[in-house]
Structure formats: structure tokens, C-alpha cells
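Worksheet for the structure shown next.
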């Protein structure tokens, strides 16, 4: 099997549009600064894994992201549609990640890639009911259609859909996302 590409979904860090649940506590600029740190951490971690890396972006063009994060990273526009449609467009094999998991590390990404050699899917559950990582060895559009994104139902619904399709995913350890001021308090190194 071809090595999976670590595909990071990212938005341009514009005040008022990034980490919006942090805005009441930190203001638009503060929330954006936290987002910048998290995205830089995620990109660096992905590059350290030795796996191919791709940034799927919205909010600014390819050049803006490459100027900020380095010209060596592949940048692709997310395209139109809701999150599920954007995720479904990523070619398999892939390891899909967001940019808000502070404990994501290169070893975890490599472990996810190793699992995909043996099983069709790997899931890294987030403690908020979603997932911080979803690895797919082949296209699985059924995982992305009509999903209630950004809710505590994402992980259980993803697991139900995998089971309905006869897929027993490898499971990684649960980790935190930083979405709220309470989450950020546990990871002060990402605070501004």
C-alpha cells in the first residue's frame, strides 16, 4: 500500500473566524493567535512523522499558506461545500487531521499509518465526542455524508457507520482538542 498522506484541514487565521469558541474569553486576535500556534504545531508534527503531508486550506490562497508555513508543504484548496464534502474529496490512503489537537505527535501519526497496512480504518477519538484523526485505506464516502459535525455525535456515528460496513477500525488513545477556554487551560503552552 502507498504511504497515507497526512492531510491537515486548515483555515487562514483571520481574527473572528478562527477558534470562535475562544473569542468570548480571548477576543478575536487572541483566539487567532492560539489557532496559529496549534496549526504550526500540527504542520511541524506531520512533517516530523516522515509521511507525505498535505494542507487542505480555506480563507486564503496557496501562496499565503506557503509564505507562512514554508514553501515545501503541499497546499490544496478545500473546495466548495460543507465539511463532509471536503473530507470526502481527499484521496485515500489518507490520515485526516484538524489543527486543534495539542497532544498529536509524530509517533502517533506513524502508528496510524502502520495500522492502515492491516485494517481499512483507524480512529483517534477526541475526548469531546469527535475524533482528532481518521485514517482511511480506501475511499469511504459513507463516513462523511450527512454528519452532524462539531457535535458529540460524530465519533459514535462514525463508529456505527464503520460497523454497518463491516469495518472494525483500529483505535488510538483518546486525546483532547482545544475548542473552549476550559480546554485551553489544560494546555497553557498554547495560550497567548
>> I'm told residue 71 meets every condition in (1) loosely packed, with under 15 Cβ neighbours inside 10 Å; (2) assigned to a loop (DSSP other than H, G, I, E, B); (3) at pLDDT 95 or above except one. Can you identify the failing condition by its number?
In response: (3)
>> I'm trying to understand the selection: among the residues of the stretch 153-180, which are over 20 Å from residue 104 (Cβ atoms) and at pLDDT below 95?
In response: 153
>> Whether any residue in the stretch 20-28 is in contact with a helix residue (DSSP H, G or I) (Cβ under 6 Å, 6 or more places away or on another chain), crowded, with 19+ Cβ neighbours inside 10 Å, in contact (Cβ under 8 Å) with a residue 40 or more places away in the chain and part of a helix (DSSP H, G or I) is what I want to check.
In response: yes
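The values are calculated or read from the model by the stated rules, or taken from the named source; none is laboratory data. What you see is a predicted model; the values in this text were computed from it and never measured. Here Cβ is always computed from backbone atoms with ideal geometry, including for glycine, and neighbour counts include all displayed protein chains.
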